[in-house]
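**Student:** To start, I am sharing the structure in question, which I have written as structure tokens.
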Amino acid sequence: KLYFVVGEDHPNFKMNKSYAEHLSNHLNEMVPGISRGVIGKKGDNVDGIYNQDLAENMVLIELGGIGNTQDEINRTISVLAKATSIVLHEIPL
């Protein structure tokens with residue numbers, strides 16, 4: 001499983017949060033329950049930017065954990081890559 005982190009101290013976090021939610025929803029359509037959704041972080045002692053100042057539609061993706069195998073992580077990455085490709089093709093240039 002994976003989840004998305006959006007730094008709510010960035011002025012454009014709402015756009016990035018919307019993008020992350022769209023990607024999360026698309027992932028869950030492909031594999032129900034694969035995404036745990038979007039978590040917003042802000043405030044003291046938190047990196048409330050998470051590199052969102054570097055580009056539009058920037059998201060931090062947390063995936064796997066200590067109990068996951070390499071094969072599980074690789075399968076999740078494969079689904080993430082497919083969903084990301086589809087979502088990126090939806091964005092007008």
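**Student:** Among the numbered criteria (1) open to solvent by less than 60 Å² (accessible area, probe 1.4 Å); (2) without any contact (Cβ under 8 Å) to a residue 40 or more places away in the chain, which single criterion is violated by Y50?
**Tutor:** Y50 satisfies all of (1) open to solvent by less than 60 Å² (accessible area, probe 1.4 Å); (2) without any contact (Cβ under 8 Å) to a residue 40 or more places away in the chain except (2).
**Student:** Restricting attention to region 45-86, which residues are among the β-branched types (V, I, T) and either part of a strand (DSSP E or B) or within 18 Å of N12 (Cβ to Cβ) (or both)?
**Tutor:** V46, I49, V59, I61
The rows are residues; the columns are (1) without any contact (Cβ under 8 Å) to a residue 24 or more places away in the chain; (2) among the small types (G, A, S); (3) surrounded by 12 or more Cβ atoms within 10 Å (Cβ to Cβ).
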{"residue": "G7", "(1), (2), (3)": "no, yes, yes"}
{"residue": "N25", "(1), (2), (3)": "yes, no, yes"}
{"residue": "S35", "(1), (2), (3)": "no, yes, yes"}
{"residue": "N57", "(1), (2), (3)": "no, no, yes"}
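**Student:** Within region 9-23, can you find the residues that are surrounded by 14 or more Cβ atoms within 10 Å (Cβ to Cβ) and part of a loop (DSSP other than H, G, I, E, B)?
**Tutor:** Answer for region 9-23, where residues must be surrounded by 14 or more Cβ atoms within 10 Å (Cβ to Cβ) and part of a loop (DSSP other than H, G, I, E, B): D9, H10.
**Student:** Run down S78, S85, S18 and say which single residue is among the hydroxyl-bearing types (S, T, Y) and at pLDDT 95 or above. Explain how you work it out, then say what you get.
**Tutor:** Values: S85 fails: at pLDDT 95 or above; S18 fails: at pLDDT 95 or above.
Just a single option satisfies the conditions, and that option is S78.
**Student:** When residues of region 16-34 are filtered for being under 13 Å from the mean Cα position of the chain (by Cα) and within 19 Å of H89 (Cβ to Cβ), how many remain?
**Tutor:** Residues in region 16-34 being under 13 Å from the mean Cα position of the chain (by Cα) and within 19 Å of H89 (Cβ to Cβ): 12 in total.
**Student:** Sticking with this structure for a sec: On the basis of being touching a strand residue (DSSP E or B) at 6+ places or on another chain (Cβ under 6 Å), assigned to a strand (DSSP E or B) and at pLDDT 95 or above, does V5 make the cut?
**Tutor:** Against the criterion (touching a strand residue (DSSP E or B) at 6+ places or on another chain (Cβ under 6 Å), assigned to a strand (DSSP E or B) and at pLDDT 95 or above), V5 does not qualify.
The values are calculated or read from the model by the stated rules, or taken from the named source; none is laboratory data. None of the values given here were measured: they were computed from a predicted structure. As a convention, Cβ positions derive from the backbone with ideal geometry for all residues, glycine included, and neighbour counts pool all protein chains shown. Ligands, DNA and RNA are stripped out before the accessible areas are found, and what is left, the full protein with its side chains, is counted by its heavy atoms. Shrake-Rupley method; radii C 1.70, N 1.55, O 1.52, S 1.80 Å.
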